[in-house]
1. For region 8-25, what are the residues that are closer than 22 Å to Ala276 by Cα, assigned to a helix (DSSP H, G or I) and modelled with pLDDT under 80?
2. Criterion first (closer than 30 Å to Gln300 by Cβ, buried (at least 16 other Cβ atoms within 10 Å of the Cβ) and modelled with pLDDT under 80) does Ser80 satisfy it?
3. Report yes if Phe63 is under 16 Å from Leu252 (Cα atoms) and of a type outside the set (D, E, K, R), otherwise no.
4. Any residue at all in region 294-316 that's surrounded by 10 or more Cβ atoms within 10 Å (Cβ to Cβ) and closer than 25 Å to Pro112 by Cα?
5. List the number of the failed condition for Tyr340; all other conditions in (1) closer than 30 Å to Ala102 by Cα; (2) modelled with pLDDT under 75; (3) in a helix (DSSP H, G or I) hold.
6. Modelled with pLDDT of 80 or more, surrounded by 13 or more Cβ atoms within 10 Å (Cβ to Cβ), part of a helix (DSSP H, G or I) and of a type in the set (A, V, I, L, M): does that describe Leu100?
7. Among the residues of region 233-256, how many are loosely packed, with under 13 Cβ neighbours inside 10 Å and among the aliphatic types (A, V, I, L, M)?
Amino acid sequence: MLQRFFIFCSGADTDILSDCSAGEQTKYAGIGATVFFTAVMATIAAAYALYTVFDNYLTAIVFGFVWGLLIFNLDRFIVSTIKKRDNFFDEFLQATPRILLAIIIAIVIAKPLELKIFEKEINQVLLEEKNDLTLANKDQLALQYTPSIDALNNEIDQLKKEITDKEAEVNALYDVYIAEAEGRAGTEILGKGPVYKEKREKHDAELAALQTLRTTNTEKIAATEAQIATLATAYQAKVADTQPVIDGFDGLMARVNALNKLPWLPSFFIFLLFLAIETSPIIAKLLSPKGAYDLKLEEQESALTSWVSQQKGQRDVLVATDRDVNNRVYADIAEEQELYDYKRKKARELMQLQADAFYKKQKGVL
């Protein structure tokens, strides 16, 4: 039962192969088994690849099964259409397009399985890329907010500088009127005289102005800091909104690109493995000697070709003979006087009818 199934997978003619030896049947069963298991691997690979795209088990399984059937049909067609010839070079030329197709199929099958085999390494590469993208995204978004925040910080620094400068001015006035009271500067008269009172009043006025300036600038600083906090909140919200896009950066193309950044040698050997699996039925057909199945198939095809050629020749002779007979028959009939008189009579009647019809038409016009 299993052998018959694998023979079916090989695309061989079961009617011809049933008359061959057990060894010949085993050979084609082995070719069919290779075709079958290649389709199984294609199904697994396609299902995994589609799962990375759709993230849905049912969709991946259905489309993976359809892809496996497609690969099975292609492989079965490729193997079944390779005919054994007496010249290896002719056989190789016949198989060249099929080998190229097998290489393409091997690449398509191998790539998704490479993604699964090197999944941990690919995840590490993707993690590094996501971190780089996150930092780059934050820097790019910061360019939208940094100029405004810097301008507001400069405004806060300017307001604080105004307070500091005013404090320095008030402290200087304080030192002036204290020195005047102590007799160390100004009039150098010890005591609180008129000059002392004048300088003290000036200091008190500036101190009051300092308090007013502190109150005003503190309010301005608080409002400016609130604007900075609003911009910072907007920046964090923007980062949070764009982060899911970066977190979802693990699709099929991203994984393929990450795989290409890994050392190429392991992936190359996996590709060679699947290439060997995919081309093994073709290579087996090319390298195997001409067996009983090939001889019987060739005999059947040549017999059919001969029969078709014979039938075509017979039809050509039949057509030529029929044409010659018809020519002779019509030539003999053309010489008969009876046929001539009959056609002359009918022609006369036709001309009379035409003349009568023309007369009636002209009379109606007049």
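1. Taking region 8-25 and keeping what is closer than 22 Å to Ala276 by Cα, we get 8-12.
Okay, now just the ones that are also assigned to a helix (DSSP H, G or I), so 8-10.
If the condition is that a residue be closer than 22 Å to Ala276 by Cα, assigned to a helix (DSSP H, G or I) and modelled with pLDDT under 80, then Ser10 is the only one that fits.
2. Values: closer than 30 Å to Gln300 by Cβ: yes; buried (at least 16 other Cβ atoms within 10 Å of the Cβ): yes; modelled with pLDDT under 80: yes.
Yes.
3. Working: under 16 Å from Leu252 (Cα atoms): yes; of a type outside the set (D, E, K, R): yes.
Against the criterion (under 16 Å from Leu252 (Cα atoms) and of a type outside the set (D, E, K, R)), Phe63 qualifies.
4. Among the residues of region 294-316, not one is surrounded by 10 or more Cβ atoms within 10 Å (Cβ to Cβ) and closer than 25 Å to Pro112 by Cα, which makes the answer no.
5. (1)
6. Numbers: modelled with pLDDT of 80 or more: yes; surrounded by 13 or more Cβ atoms within 10 Å (Cβ to Cβ): no; part of a helix (DSSP H, G or I): yes; of a type in the set (A, V, I, L, M): yes.
For Leu100, the condition - modelled with pLDDT of 80 or more, surrounded by 13 or more Cβ atoms within 10 Å (Cβ to Cβ), part of a helix (DSSP H, G or I) and of a type in the set (A, V, I, L, M) - is not met.
7. 4
To keep it simple, each residue is scored yes or no on (1) within 14 Å of Ser280 (Cα to Cα); (2) aromatic (Phe, Trp, Tyr); (3) in contact (Cβ under 8 Å) with a residue 12 or more places away in the chain.
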{"site": "Gln25", "(1), (2), (3)": "no, no, yes"}
{"site": "Tyr28", "(1), (2), (3)": "yes, yes, yes"}
{"site": "Thr34", "(1), (2), (3)": "yes, no, yes"}
{"site": "Thr38", "(1), (2), (3)": "yes, no, yes"}
{"site": "Met41", "(1), (2), (3)": "no, no, yes"}
{"site": "Ala46", "(1), (2), (3)": "no, no, yes"}
{"site": "Asp55", "(1), (2), (3)": "no, no, no"}
{"site": "Ala60", "(1), (2), (3)": "no, no, yes"}
{"site": "Trp67", "(1), (2), (3)": "no, yes, yes"}
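The values are calculated or read from the model by the stated rules, or taken from the named source; none is laboratory data. It should be emphasised that the depicted structure is a prediction, and the values quoted were computed from it without experimental measurement. Don't worry about glycine lacking a Cβ; one is built from the backbone with ideal geometry, like all the others, and counts go over all protein chains shown.
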